[in-house]
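Engineer: My questions all concern the structure below.
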Amino acid sequence: MFSKKVKKLSPYIPGEQPQDRKYLKLNTNENPYPPSPKVGEYLHSFDTEELRLYPDPLFISLREKIAHKYGIAREQIFVGNGSDEVLSFAFYAFFDNARGPLLFPEFTYSFYPVYCNFYDIGYKKMPLDRDFSIDIRGFLEETDSCGLVFANPNAPTGMCLSLAKIEHLLAGYPRDKVVIIDEAYIDFGGTSAVNLIGEYPNLLIVRTFSKSMCLAGLRLGFAMGEKELIRALFTVKDSFNSYPADRLSLKIGEIALGDEDYYRTITEKIISTRSYLSSELQRLGWRVLSSRANFLFTSKEGITGRDIYLRLKQEGILVRYFDIEGIKDFVRITVGKREDMERFLQVIQRLF
């Protein structure tokens, strides 16, 4: 009953969401704080009669708000049902085997190879430096490719490329091949490459409302790039689903963008807690990679990542473990509230 295509798929496996007990969830990089109070106020006053109407297929109002925030034109913005969908549309629009494989780091967001398999795009994983940072030299030296994609800060390492290195990469990479920078975690300490869009017409930046804006349950994301790239994304979108973002989500996205003071405050709290957690883990003998995201990638000599994960789960704490050669000894820990991290540290001191 199944097509040959579906038989070959290896789907992305999200962080587990168990229902058997109440856990301290430090495994899916959800923001520990609620969205802006203004979102709640809007929901309490929402006129449900609006739900009988289709949403705006061009997302004009939200795109105008994003354009104002980032200092670009509305025509340089695309909106979708979460950044995963935006990335999927971008893979379909810009990458194919005719010009070679797609390049991305050896260890990065594990949805990238899934998209490649889904769209039958060949890919090549580029080794990281010894310190787990992205090696831009590899991207520049690999001439046989149809484009490249990487997360900045990277996942699951949390390490971040400087804007100077990104510009060096863009300057040396062919202008007829699209470079996607996945900035899902950029607000937690990195510098966005959005100001480079005008200079590099092949640059596409993908962002999400899930992380720094505390709206993972909403499913809203967007892309920023030159108008030709955005038109291609709309072509793909309108060949698949004209209404990927609903009226409620679009309005809540606008509200979130308008409450910069609130989000700046909670982001600073997360950055401060990340610094505290990193320092404490290192004091306890753990290796911690330098992170600019809302998570830490860490290991303890003599203990496998799987053992860390399993022992913490027994204590009611979930972290993310990747059964992938090269990073099997690490776990990824989402930064929660300060009290969450204090509880976490108490448990690992007892267990490890």
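The values are calculated or read from the model by the stated rules, or taken from the named source; none is laboratory data. Keep in mind the model is a prediction, meaning the values are calculated, not measured. As a convention, Cβ positions derive from the backbone with ideal geometry for all residues, glycine included, and neighbour counts pool all protein chains shown.
Engineer: List the pairs whose first member sits in region 95-118 and is touching a residue at least 60 places away in the same chain (Cβ under 8 Å), whose second member is outside any helix (DSSP H, G or I) and of a type in the set (Val, Ile, Thr), and whose Cβ atoms are under 7 Å apart, counting only residues at least 6 apart or on separate chains?
Structural biologist: Phe95/Ile121; Phe107/Thr157; Phe107/Ile327
Engineer: Also, quick follow-up: Please go through region 52-84 and give me each residue that is on the phi < 0 side of the Ramachandran plot and either assigned to a loop (DSSP other than H, G, I, E, B) or at pLDDT below 95 (or both), ordered by number.
Structural biologist: Selection gives Leu53, Tyr54, Pro55, Asp56, Pro57, Leu58, Ile72, Ala73, Asn81.
The rows are residues; the columns are (1) of a type in the set (Ser, Thr, Tyr); (2) over 20 Å from the mean Cα position of the chain (by Cα); (3) surrounded by 20 or more Cβ atoms within 10 Å (Cβ to Cβ).
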{"residue": "Leu58", "(1), (2), (3)": "no, yes, no"}
{"residue": "Gly71", "(1), (2), (3)": "no, yes, no"}
{"residue": "Val79", "(1), (2), (3)": "no, no, yes"}
{"residue": "Pro101", "(1), (2), (3)": "no, yes, no"}
{"residue": "Glu106", "(1), (2), (3)": "no, no, no"}
{"residue": "Val114", "(1), (2), (3)": "no, no, no"}
{"residue": "Asp131", "(1), (2), (3)": "no, yes, no"}
{"residue": "Gly147", "(1), (2), (3)": "no, no, yes"}
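Engineer: Consider only pairs whose beta carbons are under 9 Å apart and that are at least six residues apart or on different chains; among these, list those whose first residue lies in region 301-318 and is farther than 13 Å from Val347 by Cβ and whose second residue is at pLDDT 95 or above and of a type in the set (Gly, Ala, Ser).
Structural biologist: The qualifying pairs are Glu301/Gly285; Gly305/Ser299.
Engineer: Something else now. Enumerate the pairs (first residue in region 326-349 and assigned to a helix (DSSP H, G or I); second residue anywhere and crowded, with 16+ Cβ neighbours inside 10 Å and among the small types (Gly, Ala, Ser)) with beta-carbon separation below 8 Å, excluding pairs fewer than 6 apart on the same chain, so at least 6 apart or on different chains.
Structural biologist: These pairs meet every condition: Phe344/Gly336.
Residue-wise test of (1) in a helix (DSSP H, G or I); (2) in contact with a helix residue (DSSP H, G or I) (Cβ under 8 Å, 6 or more places away or on another chain); (3) surrounded by fewer than 21 Cβ atoms within 10 Å (Cβ to Cβ).
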position: Phe89; (1), (2), (3): yes, yes, no
position: Tyr109; (1), (2), (3): no, no, no
position: Ile121; (1), (2), (3): no, yes, yes
position: Pro153; (1), (2), (3): no, yes, no
position: Glu167; (1), (2), (3): yes, yes, yes
position: Pro174; (1), (2), (3): no, no, yes
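Engineer: Still on this structure, I have one more. Which one of Ser210, Ser249 is surrounded by 17 or more Cβ atoms within 10 Å (Cβ to Cβ) and either in a helix (DSSP H, G or I) or in the same structural domain as Met341 (by TED's automatic domain parsing) (or both)? Let's see the steps before the verdict.
Structural biologist: Values: Ser210 fails: either in a helix (DSSP H, G or I) or in the same structural domain as Met341 (by TED's automatic domain parsing) (or both).
So the residue among Ser210, Ser249 that is surrounded by 17 or more Cβ atoms within 10 Å (Cβ to Cβ) and either in a helix (DSSP H, G or I) or in the same structural domain as Met341 (by TED's automatic domain parsing) (or both) is Ser249.
Engineer: Return only the number of the condition from (1) more than 22 Å from Phe188 (Cα to Cα); (2) in contact with a strand residue (DSSP E or B) (Cβ under 7 Å, 6 or more places away or on another chain); (3) in contact (Cβ under 8 Å) with a residue 24 or more places away in the chain that Lys124 does not satisfy.
Structural biologist: Only one criterion is unmet by Lys124, namely (3).
Engineer: Filter region 301-318 down to residues that are basic (Lys, Arg) and under 26 Å from the mean Cα position of the chain (by Cα) and give me whichever is farthest from Pro153 (Cα to Cα). Give the derivation first.
Structural biologist: First, the residues of region 301-318 that are basic (Lys, Arg): 306, 311, 313.
Right, trim to under 26 Å from the mean Cα position of the chain (by Cα) and you get 306, 313.
On the way: Arg306: 24, Lys313: 27 Å.
Here the residue is Lys313.
Conditions (1) closer than 27 Å to Asp238 by Cβ; (2) surrounded by 16 or more Cβ atoms within 10 Å (Cβ to Cβ); (3) outside the structural domain of Gly158 (by TED's automatic domain parsing), marked per residue:
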position	(1), (2), (3)
Leu9	yes, no, yes
Ile13	no, no, yes
Pro18	no, no, yes
Lys25	no, yes, yes
His44	no, no, no
Leu53	yes, no, no
Ser61	yes, no, no
Glu64	yes, no, no
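Engineer: Further, regarding this structure: Would you check if there is a residue in region 278-288 being among the hydroxyl-bearing types (Ser, Thr, Tyr), within 29 Å of Leu215 (Cβ to Cβ), surrounded by 15 or more Cβ atoms within 10 Å (Cβ to Cβ) and in contact with a Phe, Trp or Tyr (Cβ under 7 Å, 6 or more places away or on another chain)? Steps first, please.
Structural biologist: So the first thing to find is which residues in region 278-288 are among the hydroxyl-bearing types (Ser, Thr, Tyr), and the list is 278-279.
With within 29 Å of Leu215 (Cβ to Cβ) added as a condition, the list becomes 278.
With the extra rule that they be surrounded by 15 or more Cβ atoms within 10 Å (Cβ to Cβ), the set shrinks to 278.
When the remaining residues are screened for being in contact with a Phe, Trp or Tyr (Cβ under 7 Å, 6 or more places away or on another chain), the result is none.
No, region 278-288 contains no residue that is among the hydroxyl-bearing types (Ser, Thr, Tyr), within 29 Å of Leu215 (Cβ to Cβ), surrounded by 15 or more Cβ atoms within 10 Å (Cβ to Cβ) and in contact with a Phe, Trp or Tyr (Cβ under 7 Å, 6 or more places away or on another chain).
Engineer: If Leu87 meets every condition in (1) farther than 26 Å from Lys4 by Cα; (2) in contact with a strand residue (DSSP E or B) (Cβ under 9 Å, 6 or more places away or on another chain) apart from one, which number is that one?
Structural biologist: Going through the list (1) farther than 26 Å from Lys4 by Cα; (2) in contact with a strand residue (DSSP E or B) (Cβ under 9 Å, 6 or more places away or on another chain), Leu87 breaks only (1).
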